Amino acid sequence: MSSLVGQHIVLGITAGVAAYKTPALVRALRAASAEIQVVMSTNAKKFVTPTTLQAVSGQPVRDDLWDAKAEASMGHIELARWADQILIAPATANCIAALAQGQAYDLLTTICLATEAQVVVAPAMNQRMYLHAATQQNLSALERLGYQIIDPDHGEQACGEFGPGRLPDPEILIDALTTPTVDPEIASVFAGLSVMVTAGPTREAIDPVRFISNHSSGLQGLSLAEAALNAGAQVTLVAGPGVPACNPAINRVDVISATDMHTAVQNNLHGVHLFIGVAAVADYRVAKPAEQKIKKKPSDQSHLDLRLIENPDIIASVVDSDQELVVIGFAAETHDTLNHARDKRQRKGLHAIVVNDVSDARIGFNSPDNATTFITDNAEVSLPRQSKLAIANNLLQQITDNFGTELAGLKDS
Ligand code: CTP
């Protein structure tokens, strides 16, 4: 199971009895570190209150396509773009029928029609309604349209009948979100590909209690590692301090300093086809970290000198290795962004570089969002502001488009 860290999830709630279970679902999604926007149908409010859902989701609930105030802060088309995934739970027979026909009669159905995100539908209703040929035909139509359907649980129902139609537990619903479907072209390149990603900051010791580091959260690197895994790759993640937990199927190597990261990369490089250096590696380290805590100087000495020496350039060492592989770097810049990145790509001999402007707090270090430009020697593609997972999936698309043939050749050799 992949994590949902930083993912934007729209939770659509329609008017089934099982709507009373959704506050627990929202809490489970938040515990998985997803960002949630609840969108309710009008009648769903008869089963669970927007107040409760606002309290557990931490966001005002959206329920009206015509709410001028809510639309002014994030319009329904923006919300459709914001979503990495949409989960409709419970989905009523009525909602399923409307989606199957492409109707956009309320906020939720409109968002579903306007989104590029994966829509996951969890039907929950009376067992006869669920088994009715009309509902089954509508569910088949939704599958053909690319919706993902989660089968309901079988058992005793609120109405006293027995059969399929119960809303599955939150863990089952979250499992469906963590294994999103992959574009077949991307899957054909990434299936069986060996990918190494570096992520997060490094820490360079000053003494046993202090260090030099930076603001990198590691979220963009983590998202890339998880997107590559989900696309079928074997992934090694070399993670600096503070990078959030990842899917256990990823071969994760935790490191602290740039020299540790360099060693970990070299030790695991054999057989790697694609290297993506996302880590914000410290360029310098303290020449001689003190073995004991440095004590404050007497007041007549108002400065402290630290001598810094250069760290190994990890990505340059990968480019210089004997191994044939595709190497992609990242550039976090604060000014003259594109020029610095173009220059860096050429100087380091990279196949491509992904640049972002870290001076913009909405997309920089520690933000769940990013906006980047993917630069190769003959193309530059801008990816507008979106979640770091969406950026990761778009980067897999760029890598597939630009280096798919080369990677397929490396895999076969
Ligand atoms: N990088 C690396 N090892 C280093 C420094 C950077 O592997 N010692 C990698 C980063 O992971 C990233 C790319 O090089 O993929 C660019 O990193 P950046 O810090 O932007 O570049 P620098 O070469 O350090 O240039 P500057 O700090 O002058 O912008």
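At-a-glance table
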read-out	value
Within the stretch 348-401, considering residues that are in contact (Cβ under 8 Å) with a residue 24 or more places away in the chain and of a type in the set (Lys, Arg), the one most open to solvent (accessible area, probe 1.4 Å)	Lys348
Check on Ala341, within 9 Å of the ligand (Cβ to nearest atom) and within 27 Å of the chain's Cα centre (by Cα)	yes
Exclusive hit being assigned to a strand (DSSP E or B) and either at pLDDT 95 or above or assigned by TED's automatic domain parsing to the domain that holds Val355 (or both), set Val243, Val235	Val235
Output for the stretch 236-281, where each listed residue is under 24 Å from Gly404 (Cα atoms), in contact (Cβ under 8 Å) with a residue 60 or more places away in the chain and within 15 Å of the ligand (Cβ to nearest atom)	Val265, Asn268, Leu269, Val272, Leu274, Phe275, Ile276, Gly277, Val278, Ala279
Given (1) away from the ligand (no atom under 11 Å from the Cβ); (2) within 27 Å of the chain's Cα centre (by Cα); (3) assigned to a helix (DSSP H, G or I), number of the condition Leu383 does not satisfy	(3)
Single residue of the stretch 282-314 satisfying the filter (among the charged types (D, E, K, R) and touching a residue at least 40 places away in the same chain (Cβ under 8 Å)) that is most open to solvent (accessible area, probe 1.4 Å)	Glu291
Flag for Ser321 being open to solvent by 10 Å² or more (accessible area, probe 1.4 Å), on the phi < 0 side of the Ramachandran plot, among the hydroxyl-bearing types (Ser, Thr, Tyr) and in contact with a Leu (Cβ under 8 Å, 6 or more places away or on another chain)	yes
Within the stretch 84-131, tally of residues that are open to solvent by 10 Å² or more (accessible area, probe 1.4 Å), among the aliphatic types (A, V, I, L, M), out of contact with any Gly (no Cβ under 9 Å at 6 or more places or on another chain) and over 21 Å from Pro168 (Cα atoms)	4
Single unsatisfied condition, Thr405 versus (1) under 28 Å from Asp183 (Cα atoms); (2) among the hydroxyl-bearing types (Ser, Thr, Tyr); (3) open to solvent by 20 Å² or more (accessible area, probe 1.4 Å); (4) not in a helix (DSSP H, G or I)	(4)
Which numbered condition Leu142 misses (of (1) at pLDDT 95 or above; (2) open to solvent by less than 10 Å² (accessible area, probe 1.4 Å); (3) not basic (Lys, Arg))	(1)
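The values are calculated or read from the model by the stated rules, or taken from the named source; none is laboratory data. Keep in mind that this is a model prediction, so the values were computed, not measured. With ideal geometry, Cβ positions are generated from the backbone for all residues, glycine too; neighbour counts draw on all protein chains shown. Ligands, DNA and RNA are excluded from the accessible area calculation, which covers all protein heavy atoms including side chains. Shrake-Rupley method; radii C 1.70, N 1.55, O 1.52, S 1.80 Å.
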